[in-house]
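S.K.: Provided herewith is a single structure, encoded as structure tokens, for subsequent inquiry.
Nothing in this text is a laboratory measurement; each read-out follows from the coordinates by a stated rule. The structure presented is a predicted model; accordingly, all values stated were derived computationally and were not measured. FYI the Cβ positions are ideal-geometry reconstructions off the backbone, even for glycines, and counts take in every protein chain you see.
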Amino acid sequence: MALRHEPPDSGDFYIAKAGTFACSVYRRRGADAAAWVTYTDEQAHYAPARWVQRQVEETGKPVALRASSMLMHLEAIRAGTGRGVLPCYVGDGHPLLERLMPRSPSSPQNTGSSSIAICAAPPACAVIDWMKVLFAEQRDVLAGNR
């Protein structure tokens, strides 16, 4: 079973939409953090990476760090290395971080979709149903509605 932001390109999977999530730009609370934390060149096709690249080009602000995982981004932003895009359910709940922009249509990857991908197996139905309920219960948190 996999919880992914995008469905897999191929394979014999049962795919069910679990919910949507919002992203925004965060920095360490009170830090200058003008530089950006973003993804590696190999991940430049991700929507948040493309959005950050446009910001770098438009503002002339440098990239402080390129890292391959959201956890690495979170830790770098938390440490004050720079600003970066995080899911609102991560950034809003962290006491050391502050959101720099409202969730809006111009936000980086304003909403994304999470899908549950699983090989078709009857015993997994209960888990899928439970995850759908969990996503429904946490809809406001995932959508960035503080």
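S.K.: Nothing charged except the Cβ atoms of Lys and Arg (+1) and of Asp and Glu (-1): what's the magnitude of the dipole of the range 1-65 about its Cα centre? Round to the nearest 20 debye.
M.R.: Around 420 debye, computed over the range 1-65.
S.K.: Taking amide H atoms as placed 1.01 Å from N in the peptide plane, list the residues 5 or more away in sequence, or in a different chain, whose amide H sits under 5 Å from that of A35.
M.R.: R83
S.K.: Something else: What shape does the range 35-78 have by the C-alpha gyration tensor, where a ≥ b ≥ c are the square roots of the eigenvalues, rounded means a/c under 1.5, and otherwise prolate means a/b greater than b/c and oblate the rest?
M.R.: Since a/c reaches 1.5 but b/c is at least a/b, the shape of the range 35-78 is classed as oblate.
S.K.: Please compute the length gained on full extension between E57 and K17, using 0.36 nm multiplied by the number of residues separating them and subtracting their Cα-Cα distance.
M.R.: Numbers: separation 40, 0.36 × 40 = 14.40 nm, distance 3.41 nm.
This chain segment gains 11.0 nm when fully extended.
S.K.: Here's a follow-up. Stretch H94-A136 to full length: gain in nm at 0.36 nm per residue minus the Cα-Cα span? It would help to have the intermediate numbers written out before the result.
M.R.: Numbers: separation 42, 0.36 × 42 = 15.12 nm, distance 2.19 nm.
The span from H94 to A136 would gain 12.9 nm if fully extended.
S.K.: Additional query: Looking at the calculated P(r) for the range 1-72, what percent of the C-alpha pair distances fall above 14 Å?
M.R.: Value for the range 1-72 (Cα pairs over 14 Å): 70 percent.
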